[in-house]
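The values are calculated or read from the model by the stated rules, or taken from the named source; none is laboratory data. Everything quoted here is computed from the prediction, not taken from an experiment. Cβ atoms come from the backbone with ideal geometry, glycine included; neighbour counts cover every protein chain shown. Please note that ligands, DNA and RNA were not included when accessible areas were found on the heavy atoms of the full protein model with its side chains. Shrake-Rupley method; radii C 1.70, N 1.55, O 1.52, S 1.80 Å.
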Amino acid sequence: MEVGAAGFQQRLRRLGGRVRRAAFLALDMEFTGLHSTFPQNNQPSLFDSPAERYLKAKQSVQRFTVTQLGLAIFSNENSNKYMVHAYNFFLFPSTLGVTDVEFTLSASSIQFLSRYGFDYNKFLKDGIPYMNEVQEKILSQRLLAGSWKVSSALDRDVLKKAIDEVTRWIAAAEEEETMILQDLSGNQMFEVQLVLRQALQNVWTQPLGDKVIVKKVSPQHRRLLENSPYDCCQKELILLSARGFTNLFQTLVKAKKPLVGHNMLMDLMHLHDKFYKPLPESYEEFKRNIHNLFPVLIDTKTVTKSIWKKCQFPRVFNLLEVYDILCSSNLNPKDPTCPVIALASDCSKYAEKKSPHEAGYDAFLCGSVLLKSAHLLLCRSTEDAVEADPSFSRYLAVLAEYLNKVNFIRGGVSSINFSGEDAPCQHPPLLVVHVQGWPGLNERQIYQEFKALCRFDVRRLSKNQFILLSNKFKQLVLRDYKHHPHLRISVYRHWRHSPRVNCLLQVSGVVALWSLLAFVLGGAPCCS
């Protein structure tokens, strides 16, 4: 089900109830970009530790924004039946009284989403607003101080027109007379009323659909209206509107349900930055914050990577292919306890049509892959699959080793542990390239030289040496470049190739030589 700003507030209470009754929640996001090219060398690398990758990704998260958030609410109706309500939320940063938000668009990401039918008009025109705690505090302070600021140029034009109309009308109007301002939408409804009330002490405003009724009142009547509990411009109501999707995020946090994603590190970073607080400098603080917000995380990429190693499944490249294999008829064909997953009637679109890279559909796939993977693991842990208890609590027990382990793409560890210390980084053996007779060679040229064989990550070691790191094809490279005229490749040995070790050996050699000379000269016989 698609949800934009127009219908979000009315659905919020029902959404909250479904979240609280859920067995677990699955989430997916789409962004205006993934990896920022600014500054240079910000791309993920096999050399990265989790803390280094976090700092790189942090810069990308701060430059890009969320266009779409998919939430699939899985409710356990009986022992093995799950009802799914899948939502596709279009999001857009709040412009209500906060500092104007800037974000970047990546051409490749925009093209990718367009190819899969993403509706940018809904993102721009009907995106649900949101803000984090820092932005909310700024807005709250401005509301209390009465220092209202309109960020949008479009809204400023609308406000100017409204103020001109009211100013001309009020000069000749009698008390209790009214006029109507029309064609207002979204934040303009609040902003027009706040600015008019601040500028003119003898008017009162009240919303009516997409219109605002303006009434000329006496100062005494104005004071009575300001203290009315039915005033639509109370601070709490304005904050509720400005928070938008953040209200639902806070419901997710309070519910403390298991949160499921697929390759979900970037999703978690955007959740923290956009709806909670700006990302901290400290990687460990980020992990602690996320664990406090969502104590149980399950990354289906981490789970399925392990299953694919244990089972002889075909090689897959995306979440939809994983889902198709786990749903195939030759996998547990006679198991009556296999989870039955049904989409709610208002979300039946995904039962009829595949919609890859639509956030709501991917969230549905993600939760379904979790249930089917957990059931497969449970069946393999018991002698008879028919006797296996398919309750979700049993699934969590069989998934215990994967809980809070979020997949780490191309790095020194396989996953990030959000409930403890990360495993030590373990890189495959490094290769070192010695350059001879090829002056001015840089890391980019080295990468271009070897990219036909496989994807290497490259770092300069010294003026004429580069380190290569890859998960495969080491022997192939050693063989093919054995007789290359300019490039000599060998396995990296720390004692032999490290500049620090070489420097230390050179210094030690010089010291030893001087010591020997001093000993020889000091021990020579004196001439009388």
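If Lys and Arg each add +1 and Asp and Glu each add -1, what is the summed charge of the other residues whose beta carbon sits under 15 Å from the beta carbon of Arg288?
Numbers: positive: Lys277, Lys287; negative: Glu281, Glu284, Glu285, Glu421, Asp422.
Once positives and negatives cancel, what remains is -3.
Given R₀ = 41 Å, what would the calculated FRET efficiency be for Ile409 paired with Arg13, taking r from the Cβ atoms and rounding to 0.05?
Numbers: r = 38 Å, r/R0 = 0.93.
With R0 = 41 Å, the Cβ-Cβ based efficiency is 0.60.
Using θ = phi - 60° in the Karplus curve 6.51 cos²θ - 1.76 cosθ + 1.60, the 3J(HN,Hα) couplings for region 235-245 round to 3, 5, 6, 5, 5, 4, 5, 5, 5, x, 5 Hz; x is entered for Gly and Pro.
Legend: distances between Cα atoms for Lys254/Lys310; Lys56/Lys137; Lys256/Lys405; pairs beyond 25 Å are Lys254/Lys310; Lys56/Lys137.
For Phe31, the residues whose amide H sits under 5 Å from its own are Thr67, ignoring neighbours fewer than 5 places away on the same chain, with H placed 1.01 Å from N. Just need the relative contact order of the chain here, percent rounded to a whole number, with Cα pairs under 8 Å and 6+ apart. The value is 18 percent. Of all aspartates and glutamates in the structure, the ones whose alpha carbon falls short of 14 Å from that of Lys354, not counting any fewer than 8 places away in one chain, are Glu321, Asp324, Asp362.
Between the residues Val303, Pro424, Ala145, the greatest Cα displacement towards the positive end of the dipole of the chain, with unit charges on the Cβ of Lys, Arg, Asp and Glu, is found for Pro424. The charge dipole of region 147-234, taken about its Cα centre with unit charges on the Cβ atoms of Lys, Arg (+1), Asp and Glu (-1) only, comes to about 240 debye.
Counting only heavy atoms of the protein chains and using a 1.4 Å probe, Phe317 has close to 150 Å² of accessible surface. Were the residues from Tyr116 through Thr178 laid out at 0.36 nm apart, the gain over their Cα-Cα distance would be 17.4 nm. Taking Cα atoms only, the orientation of helix 133-145 departs from the longest principal axis of the chain by about 30 degrees. For Leu224 and Ile163, the FRET efficiency from 1/(1 + (r/R0)^6), where r spans their Cβ atoms and R0 equals 25 Å, is about 0.55. Cross-link pairs exceeding 31 Å in C-alpha to C-alpha distance, out of Lys305/Lys463; Lys122/Lys451; Lys58/Lys305, comprise Lys305/Lys463; Lys122/Lys451.
For Lys81, the residues whose modelled amide H falls within less than 5 Å of its own, excluding neighbours fewer than 5 places apart on the same chain, are Val340.
Computing Cα Rg over 2.2 N^0.38 Å directly from the structure and comparing it against [x] 1.50; [y] 1.09; [z] 1.29 singles out [z]. If R₀ is 35 angstrom, what is the calculated FRET efficiency for the pair Asn292 and Ser328, using the beta carbon separation as r and rounding to 0.05? Calculated value: 0.35.
Could you work out how much longer the chain between Ser282 and Asn318 gets when fully extended? Use 0.36 nm per residue separation minus the Cα distance between them, nm to one decimal. Walk me through the numbers on the way to the answer.
Details: separation 36, 0.36 × 36 = 12.96 nm, distance 3.13 nm.
Working it through step by step, the gained length comes to 9.8 nm.
In this structure the amide hydrogen of Glu177, modeled in the peptide plane, comes within under 5 Å of the amide hydrogens of Lys216, none closer than 5 places in sequence on its chain. Stretched out straight at 0.36 nm per residue, the stretch from Gln465 to Ala6 would grow longer than its current Cα-Cα span by 159.3 nm.
A straight line joining the Cα centroids of region 67-118 and region 233-291 runs 14 Å. With the simple spin-label model, which puts each label point 7 Å out from Cα in the Cβ direction, the Cys311 to Glu52 separation comes to 3.6 nm. Applied to region 9-15, the Karplus parametrisation 6.51 cos²θ - 1.76 cosθ + 1.60 on θ = phi - 60° returns per-residue 3J(HN,Hα) values of 4, 5, 8, 4, 5, 5, 4 Hz, with x for Gly and Pro.
Of the residues Arg394, Arg315, Arg288, ranked by 1.4 Å probe accessible area with the largest first, the sequence reads Arg315, Arg288, Arg394. Of the residues Thr382, Thr246, ranked by 1.4 Å probe accessible area with the largest first, the sequence reads Thr382, Thr246. Rolled with a 1.4 Å probe across the full set of protein chains, the surface gives Ile341 an accessible area near 50 Å².
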